[in-house]
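I have placed the structure first, in the form of structure tokens, so that the comments after it can refer back to it.
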Amino acid sequence: MIIQAFFLRPVRRRPVRFLLTALGVAIGAASVVATVLACQAAVRSMEEDIKELAGRTKLEISRPGDLDEQLLGEIRHFARDAVFAPVLDERVLVPQLDDLVRFFGLDLLSDDLVRGLDWDEGEAFGEEQFTQLLRGEGVMLPTPLAKQLAIRVGDSIELSLRSERIKVPVAGVFSPPSGTSAWDRVIVADIAYAQQLFGRAGRIDRIELMPRRGVPVDALRASLREALPNEYRIEQPDDRANQTNRMVSALRFNLTALSGISLLVGGVLVATTLYTSIVQRRYWIAMLRSLGASKSQLAFAVLAEAAAIGVVGGLLGALGGFAGAQVALASVRATMSVLVRDAPQSEIVWQPWLLWLGVGLGAVTSMASAFGPLLEAWKTPPLQALNSERPEYRNAKSYQKPMLLAAGFIVATVALSLAPPIYDLPYAALGASLAILAALIVLMGPLLDASAALAHRFRRGPFASTMQLAFAGLIAGRNRAAWAAGAIGVSVALAVGMSIMVTSFRQTIVDWTEQGLRSDIWIRSVSSQTGLPSGRLSPEALSIVHTLFDADQIDAFHMGEAFIQGEKIIFAAGEFSIVQKRGGVPFRGGRDSKDVFAETLQTHGAIVNEAFSRKFGVGEGDVVELQTRGGLIQRRVVGVYYDYSSHEGTLIIDRNDFLELHPDDGPQGIALFLPPDANLPAARERLREAFAGRWFIEIFLNRELKQEILKIFERTFAITAALQAIASLVAAIAVVMVLFALVNERKQDLSLLRILGAARWQTAKLVLWKAGILGAIGGAGGLAAGAVIGVILVKVVNLQSFRWSLQLIWPVGDLLMLYGVVVAACALAGAVPAWVVAKRNLQSVICDDA
């Protein structure tokens, strides 16, 4: 009976309120599910690329850079224990897709035992085609890729291979293993042909091993470890997958946490709705208490309504999250590509547990949000006065508890923001952000009372009476109004925090590029759809540049890999003799970059980026030991530079030293430092003519390169703007819900105003004032809390997640504009209930009640 009277009957009478509240929860749950799905898809594609492409492989032999295939002969006595599968693993750009695909060079005679690829007989693949592959006269495409490109056996596929435009014949089409997608974008060729195409004669990336039956993996690994020098790494494919996962874990954590803010706003909306429900049903609560209903029975009814809102909202959110993930995937992939440069194309895959995730998030959020309204229901005594709620005047003593509670949350914010990361993730910083939001919600009631008291002092002016009536109506429904303002404040805090972080990051990038990008022209391989370059340049491209410009004007930047303390780092090189004349990246401590490069060149030292320094605890003057392609080396760290292009550790030495350790397989980019009076457009045109027709190369002038970097930055942060908008939408729903509730509760007062001569537009204006006041108070609190969150994001989260030091920039103009937009948006949200008030025949309300 209690459920019927207290929950089911009101829902049938006012289904819109129930559905709007469920919609608010659904939007919050959908943002979390969409972010989880999109991040999961991006990470899964990287993990699948490793696990599924490895086939039956259990171990891999590799070392920094690559391997000499003669190693196969040196370990041939292990052939009785394992099948060897040498692999050359590269990335190529398919211009028709504007995206990167994997290029696998395999030993086709023996690799079938490891991977078991199925040749597609529908493409008439036979002995002749297989012989053609072995002769190095073609490649094989997976069926999905061949269909997408409309290519058949005998056709050619155009590729950008180390920036060079080539066409290779398609000799076969194979069907990927069922249930996998990693093979959908993998081009396969015989390993000898792949070595020829990439100019890597006698070189391979790794040797994969499939233990023969009865040979334990651990025993094989131990035997290999004993037989091979320490420079060789013997790992399982899962080790590479776990390393990739660690690289993006911080980003995935931060995106999921940000999406959870909108769910928090949804929880505030549930609390607002339930508070309103309790007040509107006081008659029924009083009647039920008089009939003997216990507090536990009332609690069951309130929690049942909260659970129903949460389940419906969570279910809708899970389904909406799947659709949202499709939209968010491109942004998430672009963001992850900054960290993992060859992040592959991925697809959203629905999994049943995500439905339970959405429902669980919605139910838990709603049930937790019902605690305050439940206390309100318990305060309702039997046979109480049934009049509408009136303003409750509070004294200073009534503010002690909320102020002490808010002070506790603020202390927790400070303590958590100073705590170290947990497993390299900023859990404590997230807790600090939630603590300041909790303080914001707790303080909304006192802030509303203080604003009302301040407004009461202004008795003159054209808006004085309207403002006082509006405040009186809000104070009459103080708890609901405070929760609605809290929902606005939380969404504003998110927007403010993100605005401070994005502005700080953007200005840091601008200053960094101004100081670090000194070259007049930058040459790189053409970018893929993620906005990042598609790979390194061919050594021949560097030779062409040398025919056009003097050697002392050319800085070729190389990138490879090395290991320090068992961790992979970026091992890079530049022409220090050239950079020392013009300067480069900014260094920690404000040191002049010219001096740092000159000292590094003279002492055969190295410079490292900030991420390297923080990760390994290395500073200026320290000596580091690293395993490179050319063996174990030691270098003294001369300087630590700021770097926002990668969160991986990077160590840079002079190019001449680098080439002694690492053969020249092409630079990552080429910087040109031309005389001050040089005609830069003409110089670029000379380069374009030299590269025309045969190369996929981009040539940027200095200002254009800086603009390109900012474009990548904007693309990277596109997902955060969407999360901001979602939280704001939920807050707008909260404003509409509260205003409708207040209109219904105060309908007698509004009727009296109409009888006393108030026009329809005046009563509507009163509702708009309430909406604007909620926006102003919630926005003001959100500005303060958002400023704290912004500092946490800039000075704590970025440092703990990516090891980047950012400037803290306060975008005062943008924040003031944001505040004005919030107030205007809240007033606009109040237009719907205001229109209802204007249309309603309020004079009849008093007569009906009489």
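The values are calculated or read from the model by the stated rules, or taken from the named source; none is laboratory data. Here the structure is a predicted model, which means the values were calculated and not measured. Quick reminder, even Gly has a Cβ in these numbers, built from the backbone with ideal geometry, and neighbours come from all protein chains shown. Calculation scope for accessible area: heavy atoms of the full protein, side chains included, ligands and nucleic acids excluded. Shrake-Rupley method; radii C 1.70, N 1.55, O 1.52, S 1.80 Å.
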> At what distance in nm do the modelled label points of Val411 and Arg135 sit from each other, each positioned 7 Å from its Cα along Cα→Cβ?
Replying inline: 8.3 nm
> For Arg213 and Val812, what is the calculated FRET efficiency with R₀ set at 51 Å and r taken between the beta-carbons, to the nearest 0.05?
Replying inline: 0.15
>> With θ taken as phi - 60° and the coefficients 6.51, -1.76 and 1.60, list the Karplus ³J(HN,Hα) couplings across the range 701-708 in order, rounded to whole Hz; mark glycine and proline as x.
In response: 6, 3, 5, 5, 5, 4, 5, 5
> How many nm is it between the label spots at Asp239 and Ser465, if each spot is 7 Å from the Cα in line with the beta carbon?
Replying inline: 8.2 nm
> Does the range 667-711 classify as rounded, prolate or oblate by the C-alpha gyration tensor (a ≥ b ≥ c root eigenvalues; a/c under 1.5 gives rounded; else a/b over b/c gives prolate, otherwise oblate)?
Replying inline: oblate
> Could the peptides 556-562, 150-156 be put in order, highest first, of the mean number of other beta-carbon atoms found within 10 Å of their residues?
Replying inline: 556-562, 150-156
>> Per 0.36 nm of contour for each residue apart, how much would the distance between Glu625 and Ser110 grow if the chain were fully extended, relative to their Cα-Cα spacing?
In response: 181.6 nm
> How big is the range 493-648 in terms of Cα radius of gyration and Dmax, in angstroms?
Replying inline: 17.2, 56
> What's the FRET efficiency of Ala831 with Glu567 using the Cβ-Cβ distance as r and R₀ = 60 Å, to the nearest 0.05?
Replying inline: 0.55
>> Apply the Karplus curve 6.51 cos²θ - 1.76 cosθ + 1.60, θ = phi - 60°, to the phi angles in the range 666-673 and return the couplings in whole Hz, x for Gly and Pro.
In response: x, x, 6, x, 10, 9, 10, 10
>> On a full-extension model of 0.36 nm per residue, what is the gain between Ala368 and Lys711, subtracting their alpha-carbon distance, rounded to one decimal in nm?
In response: 119.3 nm
> Applying the Karplus parametrisation 6.51 cos²θ - 1.76 cosθ + 1.60 with θ = phi - 60° to the phi angles of the range 677-686, what ³J(HN,Hα) value in whole Hz is obtained for each residue in order, glycine and proline being reported as x?
Replying inline: 8, 5, 8, 5, x, 5, 5, 5, 5, 4
> When you count, for each residue, the other Cβ atoms within 10 Å and take the mean per peptide, how do 472-481, 697-706, 351-360, 492-501 rank with the highest first?
Replying inline: 492-501, 472-481, 697-706, 351-360
>> Give me the one-decimal nm value for the distance between modelled label points at Arg636 and Ala692, 7 Å along each residue's Cα-to-Cβ direction.
In response: 5.2 nm
>> Quick check on packing: order 656-667, 426-437, 805-816 by the mean number of other C-beta atoms within 10 Å, highest mean leading.
In response: 426-437, 656-667, 805-816
> In whole percent, how big is the carbon plus sulfur part of the accessible area of the range 435-515, probe 1.4 Å, protein atoms only?
Replying inline: 62 percent
>> Going through the cross-link list Lys581/Lys711; Lys594/Lys711; Lys711/Lys770; Lys711/Lys795, which pairs have a Cα-Cα distance over 31 Å in this structure?
In response: Lys711/Lys770
